[in-house]
Amino acid sequence: MVKKLGVVLLIHLFILIGCSTKSSQIMVDAVSDAQTQIQLAKKAGAEETTSKELLEAQQLLDRAGELMASGKNREAYRFAMRAHLKATVSEAIITADRAEKEATEAKKELAAQLDITETTRRELERIEAQLEELKSQFGRN
């Protein structure tokens, strides 16, 4: 936890101070974007459903922070991008699972509504048949 906090603080320090080169800024942006994507995945519920992917994303981000601190910006950028992708995949899995569950529930509800409709249709046919029989009985009398 302390290590993660240190990496995050280091990242924010670099962002606040400002990097002198464009490549450094791109790397800092990639790390920041990865951190944001990990937070979005957590908000979506990644800790409960895709904890492995989320853990891998966090580990990649931590490694990016370490590389950034040692001046290895190119490697840090690659690790940050991989962390971002892992977190994005994690969030996408959660979104797909939710959509699949919602579709399954909607399908069940539709089937239940169709059953009700079919039962109502049969009842209507039965009542219409009774009505026709009553009409014919009154017509004969």
| note | Footprinting proxy, Arg140, Arg78, Arg122: sorted fewest to most Cβ within 10 Å, the residues are Arg140, Arg122, Arg78
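What is the extension gain from Ser136 to Leu110, computed as 0.36 nm multiplied by their sequence separation minus the C-alpha to C-alpha distance, in nm to one decimal?
Values: separation 26, 0.36 × 26 = 9.36 nm, distance 3.87 nm.
That pair, Ser136 and Leu110, stretches by 5.5 nm at full extension.
Give me the one-decimal Kirkwood hydrodynamic radius in Å for segment 85-141, with the sum taken over alpha-carbon pairs.
Roughly 15.4 Å, rounded to one decimal.
Only the coordinates and a few stated rules stand behind these numbers; no lab work does. Nothing here was measured: the structure is a model prediction, and the numbers come from that model. For neighbour counting, all protein chains shown are included, and Cβ atoms are generated from backbone atoms with ideal geometry for every residue, glycine included.
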